[in-house]
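Worksheet for the structure shown next.
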Amino acid sequence: MAKEKFVTAINCMDGRVQQPVAEYLIQTFQADYVDTITEPGPDKLLIEGPQAIQDSIKNRVFISVNAHGSRILAIAAHHDCAGNPVAKDKHLEMLQHCISHIDTWMLPIRLLALWIGPDWKVELIHDSQTN
């Protein structure tokens, strides 16, 4: 696998998930840096949130892709999320909607969906290179 200078994560603002997601992306893609875009319950906000928040997330992703050359984008959801307090199956459904939504941005990226369970380990739910 090629080494990536930058990768991008759309992640929950919850501090418990920041390190596991960053470590997963750094280890998996030998990345030097993770551009992190945080919101409370980003899987919900990206598909159901106010347009201004959706636009803000999209603009920050475009900065990471266009200014930093990121070619990997992960959207993460997690257990015990205060910003989107729903069951795991609902989070997984929302992550799939996020993937479809982000695809419409027509970016030259590899798109991942990640789930962080109660053990705070990262599980790969979707990878656009294999799905």
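The values are calculated or read from the model by the stated rules, or taken from the named source; none is laboratory data. Keep in mind the model is a prediction, meaning the values are calculated, not measured. Quick reminder, even Gly has a Cβ in these numbers, built from the backbone with ideal geometry, and neighbours come from all protein chains shown. What goes into the accessible areas is simple: the full protein's heavy atoms, side chains included, and nothing from ligands, DNA or RNA. Shrake-Rupley method; radii C 1.70, N 1.55, O 1.52, S 1.80 Å.
Quick check on residue 5: is it open to solvent by 50 Å² or more (accessible area, probe 1.4 Å) and closer than 15 Å to residue 110 by Cα?
yes
Take the residues of segment 40-62 that are among the hydrophobic types (A, V, I, L, M, F, W, C) and touching a residue at least 24 places away in the same chain (Cβ under 8 Å): which is farthest from residue 97 (Cα to Cα)?
Among those residues, the one meeting the criterion is 62.
Which of the residues belonging to segment 29-74 are in contact with a strand residue (DSSP E or B) (Cβ under 8 Å, 6 or more places away or on another chain), under 19 Å from residue 128 (Cα atoms) and among the charged types (D, E, K, R)?
43, 71
Is one or more of the residues making up segment 70-79 under 20 Å from residue 29 (Cα atoms) and in a helix (DSSP H, G or I)?
no
Filter segment 10-51 down to residues that are in contact with a Phe, Trp or Tyr (Cβ under 9 Å, 6 or more places away or on another chain) and part of a strand (DSSP E or B) and give me whichever is farthest from residue 112 (Cα to Cα).
33
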